[in-house]
Amino acid sequence: ISAHLTIDPHFTVGAINRRLFGSFVEHLGRCVYDGLYEPAHPDANEDGFRRDVIALVKELGVSTVRYPGGNFVSGYRWEDGVGDRALRPTRMDLAWHSLETNQIGLDEFARWLGEVGSELMYAVNLGTRGVQEALDVLEYANVRSGTALSDQRVANGTTQPHDIRMWCLGNEMDGPWQLGHSTAEDYGQVAVKAARAMRQLDPDLELVVCGSSGAGMPTFGQWERVVLEHTYDEVDYISCHAYYEPHGGDFGSFLASAVDMDRFIESVVATADHVKALRRSDKTVDISFDEWNVWYQSRYNEVDKITGVDDWPVAPRLLEDSYTVLDAVVVGSLLISLLRHADRVTSASLAQLVNVIAPIMTEPGGPAWRQTTFFPFAITSALAHGSTLELKLDCPRYATGLYGDVPVVDAVATHDAEAGTAVFLVNRSLEEAVTIEIDVALLGAVELGSVRTLHDDDMHAANTLGEPDRVGMKHNDTARLVGGVLTLTLPPVSWTALTLA
Ligand code: AHR
């Protein structure tokens, strides 16, 4: 198969916001406890955080971390997690049917983020709670001192305010599984009240209102319209969430998941802009794609789910998907979709970060390692600078069960006057290699930098506790740059990143 791509640095889609490379930490399974926090681990720091995990999170290049949930947040009492640890209550977390010991809360997590060097994005509980509790946690977090709750934070040892800029107004309120699940009408009314009140306290907050928990939800589209009709003037972002997995061995459709993500983003942009027109507004609401990943959700529902009034484990092994090369190629292609929409997707969070559908895995008392999905995320975060470019790509198409005929190759390019150009490519063919010619003449006199490909003859290969380095990135030695044309071969089921400077 052959394909052709032209890169022109003059035509840009939009500037890339670093917040596109965010992630997500939920009090779920072993993400926090026995994940990033394990005081008995030989590599734990004085706060009980694993240094090896901190190092891997830094290497991953995570800009923003959404916290503390997820479904968890819709039953969470934030004040349980602050103050004297010995006095913190143990509670039932109904979302994941686990026990929450509250040994980690806002102050500890913010300290961990300080070590990692990432920004905190905080979600408030609009499931079992409302406007007052949202104001309370905002006061505790962002007011310097001199009020009841800010003084409590200072007394708890955090003298400086956390100064959290991004706040999520609840989580997936359209989902029947969510504590406090609402209609769009009811949620829109609560969300606008919470937003107005929070801005009365701190006017410069950036607020994210809940969009649909998936494009397949029966209320999708209508939910966004109704919620935005209530909240448009008060919010900056509407959220999108999407998880992908292969169904019935249909890997061709699975590899085309980014086609679905493209359509999802474009539908939400159209809906937000429709409300903008109705309101004669000159403000634009962007997308916070604050949960996205490959997730073998069917396995959770059929095997892992905990139930029963007497069964409340602490930090159970939940959602611990072991990711393959195939999964990582899909993750790489989802990053291509997000970058392609950099003009409107200005925040995103890979769900999640440690152990729970995560690029980083840990074993209690043992090692931490990189899953296959670590590589496309870390490399894209490191190389995508400046603006996304509009591309002209010609390649054959193939038929999928879920999304019709889709291009075999997908690609995105980013360009920055200083950092140079990066190109990210995916070959979705299950059997055939693609030879691609990339016309780079318009970039001027450039040299080829690194060319790395993620591929394995066994697309189901994974990194595991027993074999943590089974899969990695390999130098692609087929690349040749001659007379302004770069030619290279993309193996079947592969993801490639290359640089030109
Ligand atoms: O990331 C796992 C779960 O997926 C989150 O808690 C929830 O928001 C979504 O349904």
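Throughout, read-outs are computed from the coordinates displayed, never taken from laboratory work. Source: prediction; values computed, not measured. Every residue, glycine as well, gets a Cβ built from its backbone with ideal geometry; the counts of neighbours run over all protein chains shown.
Rounded to a whole number of µm²/s, how large is the Stokes-Einstein D of the chain at 25 °C and 0.890 mPa s, given Rh as the Kirkwood radius over C-alpha pairs?
Numbers: Rh = 23.3 Å.
Translational diffusion coefficient: 105 µm²/s.
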**Q.** Distance between modelled label sites at residue 477 and residue 399, nm, 7 Å Cα→Cβ extension
**A.** 4.0 nm
Q | Virtual spin-label span in nm between residue 58 and residue 273, 7 Å along Cα→Cβ | A | 4.2 nm
**Q.** Vicinal HN-Hα couplings computed from phi for region 296-313 (Karplus, 6.51 cos²θ - 1.76 cosθ + 1.60; Hz; Gly/Pro x)
**A.** 7, 5, 4, 5, 4, 5, 8, 10, 8, 4, 9, 9, x, 5, 9, 10, 9, x
Q: Return the calculated 222 nm mean residue ellipticity for the chain, to the nearest 500 deg cm²/dmol, obtained by summing -39500 (n - 2.57) across DSSP H runs with n ≥ 4 and dividing by the residue count.
A: -7500 deg cm²/dmol
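Of all DSSP beta bridges in the chain, what percent run antiparallel (nearest 5)?
On the way: 54 of 92 bridges.
So the antiparallel bridges amount to about 60 percent of the total.
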(Q) Taking 0.36 nm per residue of sequence separation and subtracting the Cα-Cα distance, how much length would be gained by fully extending the chain between residue 442 and residue 86, in nm to one decimal? (A) 121.8 nm
Q. What's the center-to-center distance, using Cα atoms, between region 232-307 and region 395-443 in Å?
A. 22 Å
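Please report the antiparallel percentage of the DSSP beta bridges confined to region 1-118, to the nearest 5.
Numbers: 5 of 8 bridges.
Counting only bridges with both partners in region 1-118, antiparallel ones make up about 60 percent.
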Q.
Less than 23 Å apart at the alpha-carbon level, and either on another chain or at least 8 residues along: which lysines does that give for residue 283?
A. 193
Q | Point-to-point label distance, residue 144-residue 309, nm (Cα→Cβ direction, 7 Å offset) | A | 5.2 nm
